[in-house]
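J.: Pasting in a structure now, in structure tokens, and then I'll have a few things to ask.
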Amino acid sequence: MATNCIGAEVGISLIKAKYKKQVREDFPTFRLQWMLFVVWQKCLGSEAFRNKLLSIPEGVILIEETTLDTGGTAQIWGCKNPELIAERRRLAQRIKRWSESNLTKKAIDLKINIETNKIRNIGEFVGQNNMGKILMICRRCLIDGIEPPIDRALLNSANITMLGNHLTF
């Protein structure tokens with residue numbers, strides 16, 4: 001979740017725009033299975049990532065917050081909640097005004113991160129939140145010791161290539 005990474009979002013937007021014409025027209029037909037596969041590979045290959053997923057408490061609804069994402073797929077991968085973001089921004093501004101004289105910038109940023117993330121029950125999240133769902137599917141599979149239900153036949157039929165190499169699933 002990148003609610004405080006506006007610079008990163010701008011960079012990603014520029015990259016997306018540059019390569020938009022190279023995105024396959026049929027990508028929507030397999031993007032969810034592709035992302036499930038990719039996230040599962042990350043689970044298998046990164047102990048830190050596995051541990052992060054496993055640290056999420058049971059019963060949590062994980063939401064990919066994409067309010068500031070201007071991309072066309074923001075509501076497919078996540079959810080938007082402008083009221084929540086506006087309230088968090090107001091609180092961040094108040095904290096900055098109260099703290100500037102006696103705290104370092106790093107300490108202020110940490111305080112803002114902690115306090116604004118306590119605000120959760122404002123507004124309504126709108127979107128499909130597929131990234132949040134995929135992350136929680138992978139979490140559950142790690143706990144249960146099973147592989148997620150990746151539709152490998154669909155991925156194989158999509159003839160996906162990476163760096164000129166045909167991928168098989």
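The values are calculated or read from the model by the stated rules, or taken from the named source; none is laboratory data. Please read these numbers as outputs of a predicted model, since none were measured by experiment. Heads up, the Cβs are rebuilt from the backbone with ideal geometry, glycines too, and the neighbour counts pull from every protein chain shown. SASA here: full protein model, heavy atoms, side chains in, ligands and nucleic acids out. Shrake-Rupley method; radii C 1.70, N 1.55, O 1.52, S 1.80 Å.
Results for (1) at pLDDT 95 or above; (2) more than 25 Å from Ile119 (Cα to Cα); (3) within 14 Å of the chain's Cα centre (by Cα), shown as yes or no for each residue.
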{"position": "Ala2", "(1), (2), (3)": "no, no, yes"}
{"position": "Ile15", "(1), (2), (3)": "no, yes, no"}
{"position": "Leu36", "(1), (2), (3)": "yes, yes, yes"}
{"position": "Ala48", "(1), (2), (3)": "yes, yes, no"}
{"position": "Gly59", "(1), (2), (3)": "no, no, no"}
{"position": "Asp69", "(1), (2), (3)": "no, no, yes"}
{"position": "Ser101", "(1), (2), (3)": "no, no, no"}
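J.: Still on this model: Hey, does the stretch 77-89 have a residue that's small (Gly, Ala, Ser) and surrounded by 12 or more Cβ atoms within 10 Å (Cβ to Cβ)?
T.: There is at least one residue in the stretch 77-89 that is small (Gly, Ala, Ser) and surrounded by 12 or more Cβ atoms within 10 Å (Cβ to Cβ).
J.: Go through the stretch 110-142 and give me each residue that's outside any loop (DSSP other than H, G, I, E, B) and open to solvent by 70 Å² or more (accessible area, probe 1.4 Å).
T.: Across the stretch 110-142, the qualifying residues are Leu110, Lys111, Ile114, Val126, Lys133, Arg140.
J.: Which condition breaks for Met35 when tested against (1) without any contact (Cβ under 8 Å) to a residue 60 or more places away in the chain; (2) within 28 Å of Arg120 (Cβ to Cβ); (3) open to solvent by 40 Å² or more (accessible area, probe 1.4 Å); (4) assigned to a helix (DSSP H, G or I)?
T.: For Met35, the exception is condition (1).
J.: Looking at the stretch 143-169, which of the residues that are in a helix (DSSP H, G or I) and open to solvent by 40 Å² or more (accessible area, probe 1.4 Å) is nearest to Gln93 (Cα to Cα)?
T.: Looking at residues that are in a helix (DSSP H, G or I) and open to solvent by 40 Å² or more (accessible area, probe 1.4 Å), I get Ile143.
J.: Out of all the residues in the stretch 18-25, is one or more surrounded by 14 or more Cβ atoms within 10 Å (Cβ to Cβ) and modelled with pLDDT of 90 or more?
T.: Looking through the stretch 18-25, none of the residues is surrounded by 14 or more Cβ atoms within 10 Å (Cβ to Cβ) and modelled with pLDDT of 90 or more.
J.: Would a scan of the stretch 90-109 turn up a residue that is outside any strand (DSSP E or B), open to solvent by less than 60 Å² (accessible area, probe 1.4 Å) and touching a residue at least 40 places away in the same chain (Cβ under 8 Å)?
T.: For the stretch 90-109, residues outside any strand (DSSP E or B), open to solvent by less than 60 Å² (accessible area, probe 1.4 Å) and touching a residue at least 40 places away in the same chain (Cβ under 8 Å): absent.
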